[in-house]
């Protein structure tokens, strides 16, 4: 009986040691995952601001993945699908990258993201009533753009319709032009 109790004690001690080693090895990964998740949850629970979007625009691709986690989806976009985008559905943004730089060329916002009282899906008339008059121009054949410079950023609405129906809200640095 004593011998069986001693064997059980050794086995339990072995399991505890293996568990402690596993936790020690996995802890940094768990903390990193928690930090990524907490950043995303913090942003989701707040209203996404231009300041935060500007911060995302300044992140290199690997920094964005480190801070926001892996994207929900990677898409190809732009003329002839020459750009790729990281879709972060919970945040309502897609960061668009090209070959020129490792930082996003622009961030496209879903209609869940609203700032300055505007959002994707508004037509150009609705946007102009909120942000003031601006020139509507044809950027390329069949793509219409309405842009504003706001706090060092270029806030653009693009649409396949001249009146801006079903527009997409894009934010970029002033020096970068969205497609």
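Sorted on the mean count of surrounding Cβ atoms within 10 Å across their residues, most packed first, peptides 101-113, 74-86 read 101-113, 74-86. The modelled label-to-label distance between residue 3 and residue 82, using points 7 Å beyond Cα along the C-beta direction, is 8.0 nm.
Available extension along the chain between residue 149 and residue 162 is 2.6 nm, counting 0.36 nm per residue and deducting the alpha carbon span. In the range 95-179, Cα pairs under 8 Å separated by at least six residues give a relative contact order of 29 percent.
Between residue 114 and residue 90, the modelled label-to-label distance comes to 2.3 nm, taking each label 7 Å out from Cα in the direction of the beta carbon. Placing pseudo-labels 7 Å out from each Cα toward the beta carbon at residue 141 and residue 75 gives an inter-label distance of 2.4 nm. The Cα center of the range 139-179 and the Cα center of the range 112-137 differ in position by 10 Å.
The numbers here are math on the coordinates, done by the rules we state, and not lab data. For clarity, every value in this text was computed on a predicted model and none was experimentally measured. Glycine gets a Cβ as well: all are built from the backbone with ideal geometry, and neighbour counts include every protein chain shown.
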